[in-house]
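Taking it in order: structure first as structure tokens, then the write-up.
What follows is calculated from the coordinates using simple rules that are stated; it is not laboratory data. Every value quoted in this text rests on a predicted model; they were computed, and no experiment measured them. Don't worry about glycine lacking a Cβ; one is built from the backbone with ideal geometry, like all the others, and counts go over all protein chains shown.
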Amino acid sequence: MSELALFGGRKAKGKPFPVWPQYDEGERRALQEVLESRVWWRTPGTQTLEFEKAFASYHGARHGIAVTNGTAALEVAMAALGIGQGDEVIVPNFTFVATASAVLFANALPVLVDVDPESYCIDPTLVEKAITPRTKAIIAVHMGGHPADLDRLQALAKRHSIHLVEDSSHAHGSEWQGRKIGTFGTAATFSFQASKLMTAGEGGIIISNDDAFERQARSVHDCGRMPGEWFYSHFIYGSNYRLSEWQGAVLRVQLSRLEEQTRHRHHNGRLLDELLRKIPGITPQKCDPRCTRNSQYAYIFHVDGKHFAGISTENFIAAMNAEGIPNQASYPPLHELDCFRNGEYRKRLSVGQASEPHPFLQQSFPHTQRAAWETVWIPQFALLGDEEDMHEIAAAIAKIQRNATDIAAQASKATPERVAR
């Protein structure tokens, strides 16, 4: 019998990982307080307002605007920046669709560029090459919690007089050269969806130190109202992106744990770096020396199949799951999504822009392809475990390597079956 749990062997992972989401009496009390106050709506409430202030302050920002989700945060940011028809926004090809769809929502063109092969974050050299007179902003995604190269991106944005927006949905509490991410550009956006480093099930926030941007963004998120004006005055385009008091209350408590949890994840991430580098064919996402803290939304590593009997990433993940190590799906390349392949994205653009060729969609994006189809992601809650858990992760991967020929043999038997169907 094979040693692998996938084929009936004993699991490498002995004890369970910490559960997620985490909560205690703090969340219970906060929700009870909102319930009994009967103030469940954000506008007259205080919970969401206080959370906005606390979260922004934690990241070194003056302003925080809580919204319904991370996608909404990006949409509000685009609207507040005045992004619109005929404009271009440069985004990484390796990210969740919302980074690009928020640009399309503003009727602008998301220009896709490849990522750095080691950090999987947007490549500043390619960003500069993609800048045109139509470029109004760069969206830098802090992939897996690791900051993009904020030194170079900040300098680029300043030199070309364009906005830098940090898509920080993976990076609550991450640091670049000892400074928390979120204030290196005009604005930063965060998500509080269920898998994120803080969660209320859904939710998002925009933070900024730009007073003019904050005024616009706050108006956009609240039906075009302006602070201090009559409730039924509506001055600009806006919609209802307001976060509820329930979520604001939960997130205030979640924030109280973020600092310790982030330190813990970063420590375990660096331990995993050390352990996994000893396994031939495993290459962890690079931790740049300027990244003084990685909040580790996911622990990402590349698997070179040649060192694992040629098995696919899919088969590697199946074996890893069987050993008791959880997996989080990677993102497919944006340019391969149906909305870009079938031309649906063009319906969001101005007539002139929609009819133009978009050569970037014909590029090869080699580093995005490698990141999308050859990396494995261990979700953040696993890194809340102890050092024994990290050693068990490494042991499971080493076990898969020792027995990779068994997986390859089974895969070769299954292939004709699938073809026959």
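Qualifying chymotrypsin sites (Phe, Trp or Tyr not before Pro) in region 139-230, where qualification requires a DSSP coil assignment and no more than 16 other C-beta atoms within 10 Å, comprise 230. Each of 23, 241, 299 was scored by other Cβ atoms within 10 Å of its Cβ. Listed from fewest to most, they are 23, 241, 299. In the chain, the DSSP beta bridges split such that about 60 percent are antiparallel, to the nearest 5.
Run the reach check for residue 347 against lysines, Cα to Cα strictly under 18 Å, same-chain hits fewer than 8 apart removed. What comes back? Candidates past the 8-residue exclusion: nothing left. Measuring nothing but how far apart in sequence close Cα pairs (under 8 Å, 6+ apart) lie, relative to its length, the chain scores a relative contact order of 22 percent. Counting only Cβ charges, +1 for Lys and Arg and -1 for Asp and Glu, the dipole size of region 16-136 around its Cα centre is about 420 debye. Cα centroid distance between region 281-328 and region 38-88, in Å? Centre-to-centre (Cα) distance: 33 Å.
Each of [x] 59, 31, 18; [y] 37, 28, 19; [z] 30, 29, 18 is a candidate for semi-axes √(5λ) of the Cα gyration tensor in Å; the one calculated from this structure is [y]. Nearest 10 degrees, 0 to 90: what angle lies between the long axis of helix 70-80 and the longest principal axis of the chain (Cα atoms)? Roughly 40 degrees between the two axes. Here residue 136 is the anchor, and the lysines within straight C-alpha reach of less than 19 Å, apart from those fewer than 8 places off in the same chain, are 158. When only Cα pairs below 8 angstrom with a gap of at least 6 residues are kept, region 25-255 shows a relative contact order of 26 percent.
For region 201-256, GluC sites (Glu not before Pro) are listed when DSSP marks them as loop and at most 13 other Cβ atoms sit within 10 Å of their Cβ; the list is 229. The aspartates and glutamates within cross-link reach of residue 13, meaning a Cα-to-Cα straight distance under 15 Å and a gap of 8 or more places when in the same chain, are 3, 323, 386, 387, 388, 389, 392. Across region 162-250, the relative contact order, built from alpha-carbon pairs under 8 Å that are at least six residues apart, equals 19 percent.
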